[in-house]
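Quick notes on the structure that follows.
The values are calculated or read from the model by the stated rules, or taken from the named source; none is laboratory data. What you see is a predicted model, and the numbers here were worked out from it, not measured in a lab. Virtual Cβ from ideal backbone geometry, glycine too; neighbours counted across all protein chains shown. Accessible surface is based on the protein model in full, side chains and every heavy atom, while ligands, DNA and RNA are left aside. Shrake-Rupley method; radii C 1.70, N 1.55, O 1.52, S 1.80 Å.
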Amino acid sequence: MMDITEIREYLPHRYPFLLVDRVVSLDLDAMQISAYKNVTINEPFFNGHFPQHPIMPGVLIIEAMAQAAGILGFKMMDVKPSDGVLYFFVGSDKLRFRQPVKPGDKLELQASFLSAKRSIWKFACKATVDGKEVCAAEIICAEQKV
């Protein structure tokens, strides 16, 4: 398990763009991670998306899955951004949205390592709320030395 303090060591993102609140499990043998984001009405994007019927933007759900996958990648390589390595989200395949995410939801994030070729990593990711899938995708990240 990782709390927000440790997560901040592995993700360079900061408020309001840090979208992982806690890592619940991390299995390096199985190359899988489970994490979550508590979605609250205080999120800055709800002011405009949409004030009368607030839903979390889909691109931010994708970003949350990519951040969980990034933590898994860093842990698998046993490096941190402070070591001069970053993972950039560069694409997705098989992306599907199933239902909206609303204030008060606990967005559960799962990522599993699929493959790595050169510096391109691929992860199978899923986001759920109350056990129901809200989004799934293969997330593609590029490892880069900075």
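Return the sequence-ordered ³J(HN,Hα) values of segment 102-111 in whole Hz as given by the Karplus equation 6.51 cos²θ - 1.76 cosθ + 1.60 applied to θ = phi - 60°, using x for Gly and Pro.
In residue order, the calculated couplings are 10, x, x, 6, 9, 7, 8, 10, 10, 9 Hz.
Which order do peptides 129-137, 49-57, 105-113 fall in by mean Cβ count within 10 Å, highest first?
Values: 129-137: 15.7, 49-57: 13.4, 105-113: 20.6.
Listed from highest to lowest mean packing, they are 105-113, 129-137, 49-57.
Of the heavy-atom accessible surface of the chain (probe 1.4 angstrom), what whole percent is carbon and sulfur? Please report the intermediate quantities before stating the final value.
On the way: 4000 of 7810 Å².
Ligands and nucleic acids excluded, carbon and sulfur reach 51 percent.
If amide hydrogens are placed 1.01 Å from N in the peptide plane, which non-local residues have theirs closer than 5 Å to the one on Leu95?
Residues meeting the criterion, in which the H sits 1.01 Å from N, are Glu138.
Would you work out the charge dipole size for the chain about its Cα centre, treating the Cβ of every Lys and Arg as +1 and the Cβ of every Asp and Glu as -1, and quote it to the nearest 20 debye? Present the calculation step by step, with values, prior to reporting the outcome.
Values: 17 positive and 17 negative charges, 74 e Å.
Rounded to the nearest 20 debye, it is 360 debye.
Can you list which of the trypsin sites (Lys or Arg not before Pro) found in segment 1-94 are DSSP loop residues with at most 12 other C-beta atoms within 10 Å? Intermediate values should be presented prior to the final figure.
On the way: sites: Arg8, Arg14, Arg22, Lys37, Lys75, Lys94; in loops: Arg14.
Qualifying residues, ordered by number: Arg14.
Given the rule -39500 (n - 2.57) for each run of at least 4 DSSP H residues, summed and divided by the residues of the chain, what is its mean residue ellipticity at 222 nm, to the nearest 500 deg cm²/dmol?
Values: 2 runs with 27 residues, N = 146.
Taking each H run of at least 4 residues, the total per residue is -6000 deg cm²/dmol.
Between helix 58-77 and the chain, what is the angle of the helix's C-alpha long axis to the longest principal axis, kept within 0 to 90° and rounded to the nearest 10?
20
Just to check I understand the Karplus step: with θ = phi - 60° and J = 6.51 cos²θ - 1.76 cosθ + 1.60, what whole-Hz values come out for segment 8-25, glycine and proline as x?
Using θ = phi - 60°, the values come out as 5, 6, 9, 10, x, 5, 9, 3, x, 9, 7, 10, 10, 8, 7, 9, 8, 8 Hz.
For the chain, with every protein chain kept in place, what is the accessible area per residue (1.4 Å probe, Å²)?
Working: 7810 Å² over 146 residues.
Averaged over the residues of the chain, the accessible area is 53 Å².
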